[in-house]
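Novice: This is the structure I want to talk about, given as structure tokens.
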């Protein structure tokens, strides 16, 4: 799935507010009406993207008694979905496949527009930061986060559950005035990517050392990490199985 | 100026609807309140972009008695403008400068996303066209339009005025699945770029020959040119003086 999350209150369905899951379920219910034996099936997404977060590689699954081709189903769903949501590819899943539980890792990209002046056409999908950003320092700090750690400093878990996650990749690259953070992890705490980005930007701006970043991570001190940066810069780019 | 035109009814002010000019005048009136001696000044734009058309290089002028620096004025305007409109650069104009009348030419870029499936993050700023598009044929046809011609086949003039315009540049390039049309002209008829693009796409899709395109141009036959393609793909990129 690819979607522009700007006008949605996140992936997960909530009564009375526009959500990606809600829009998908409405479209699917209309299409498979009568062939799903009663109530329309639930859609399960690999990543519960927050309000305003985009996706180019979200993966979902749903059950359906659709008997025609997957090409026809994809075309029908795309014709009914709002213009800011699309199914990019659709296939019959192997037995037992579960979009969320079968996923081994998820990749997110956070885009920073590193320039002084506002740029409306680019700020829809990136977060503008002015001043210097030291990519080398940000990468040094980010490297401490790679591996299996308790990420309590960077996000809240659902009540009672553990805050240990495994990061396979976390690095920054610069291309012109666009600075991008790519992160791959088995799973994330709520707002974890955006809190990591905010704190790493502090390192890049020289207001925090990479050693202090490591200390915050090791101590699980959420009081010293940065608030989450805006959702517009975040995009779920890939889910691995 | 840079703006995302998606949510505006074009540049030119119209009572009761959101326009770029209207938003600018509201912001300027608030800032220069008291220093403009009475009514806030009018804003004059180089190009009257249509509803839904974007800009990264719109040029405007206005009169003001602002006595502090241009940097401060730009910062103040940008702080008050909606997020989808921004002043990218601001300077004191030479005496007698007029954003519209002093302009010698305007450059527009039309972006086509040449792929089968919907792509929400990219379709906000481009028009999706599936199937083959023959860039060589489109460039051959476009070359007939370069120079001074009567463009009556591709747009309507304000009543009674002439339809002769001079095109300095009109060409297509492909980069991956993005196909872009760059056009530079002294001035344009209403919807002229989007009608040219629509008709050139017919040539690229093989439903019209480049010779037929030339014939339509020479005969000024608006009944045989294509309807205008959607505004989302169009962007005013530069104004030359």
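The values are calculated or read from the model by the stated rules, or taken from the named source; none is laboratory data. Remember, it's a predicted structure, so these values are computed and weren't measured experimentally. Here the Cβ positions follow ideal geometry from the backbone for every residue, glycine too, while neighbour counts run over all protein chains shown.
Novice: Being under 13 Å from the mean Cα position of the chain (by Cα) and not assigned by TED's automatic domain parsing to the domain that holds residue B:188 narrows it down to one residue among B:23, B:27, B:51, B:79; which is it?
Specialist: Of B:23, B:27, B:51, B:79, the one residue that is under 13 Å from the mean Cα position of the chain (by Cα) and not assigned by TED's automatic domain parsing to the domain that holds residue B:188 is B:51.
Novice: For the range A:78-97, what are the residues that are in a loop (DSSP other than H, G, I, E, B), surrounded by fewer than 14 Cβ atoms within 10 Å (Cβ to Cβ) and within 14 Å of another protein chain (Cβ to nearest Cβ)?
Specialist: Answer for the range A:78-97, where residues must be in a loop (DSSP other than H, G, I, E, B), surrounded by fewer than 14 Cβ atoms within 10 Å (Cβ to Cβ) and within 14 Å of another protein chain (Cβ to nearest Cβ): A:83, A:89, A:91.
Novice: Quick check on the range A:157-186: of everything there that is loosely packed, with under 14 Cβ neighbours inside 10 Å and under 21 Å from residue A:11 (Cα atoms), which residue is modelled with the lowest pLDDT?
Specialist: A:158
Novice: Same structure again: Restricting attention to the range B:123-149, and to residues there that are free of Cβ contacts under 8 Å to residues at least 40 places away in the same chain and surrounded by 18 or more Cβ atoms within 10 Å (Cβ to Cβ), which single residue is farthest from the other protein chains (Cβ to nearest Cβ)?
Specialist: This residue is B:139.
Novice: Which ones in the range B:61-77 are closer than 19 Å to residue B:238 by Cβ and assigned to a loop (DSSP other than H, G, I, E, B)?
Specialist: Hits for the range B:61-77: nothing passes.
Novice: Another question, then. Quick test of your reading of the structure: residue B:110 fulfils all but one of (1) outside the structural domain of residue B:220 (by TED's automatic domain parsing); (2) in a strand (DSSP E or B). Name the failing condition by number.
Specialist: Among (1) outside the structural domain of residue B:220 (by TED's automatic domain parsing); (2) in a strand (DSSP E or B), residue B:110 violates only (1).
Novice: Now for a different question. Would the range A:51-73 turn up any residue that is at positive phi and in contact with a helix residue (DSSP H, G or I) (Cβ under 7 Å, 6 or more places away or on another chain)?
Specialist: Checked the range A:51-73: at least one residue is at positive phi and in contact with a helix residue (DSSP H, G or I) (Cβ under 7 Å, 6 or more places away or on another chain).
Novice: Could you say whether any residue in the range B:44-51 is within 14 Å of another protein chain (Cβ to nearest Cβ) and over 26 Å from residue A:6 (Cβ atoms)?
Specialist: no
Novice: Output the residues belonging to the range A:25-60 that are buried (at least 17 other Cβ atoms within 10 Å of the Cβ), modelled with pLDDT under 95 and not in a loop (DSSP other than H, G, I, E, B).
Specialist: Residues satisfying the conditions are A:25, A:27, A:28, A:31.
Novice: For the range B:98-121, what are the residues that are more than 14 Å from every other protein chain (Cβ to nearest Cβ) and surrounded by 15 or more Cβ atoms within 10 Å (Cβ to Cβ)?
Specialist: Passing the criteria: B:99, B:100, B:102, B:103, B:105, B:106, B:107, B:108, B:110, B:112, B:114.
Novice: Which condition number does residue A:21 fail, the rest of (1) over 20 Å from residue A:111 (Cβ atoms); (2) within 14 Å of chain B (Cβ to nearest Cβ); (3) crowded, with 19+ Cβ neighbours inside 10 Å being met?
Specialist: With (1) over 20 Å from residue A:111 (Cβ atoms); (2) within 14 Å of chain B (Cβ to nearest Cβ); (3) crowded, with 19+ Cβ neighbours inside 10 Å applied to residue A:21, the lone miss is (2).
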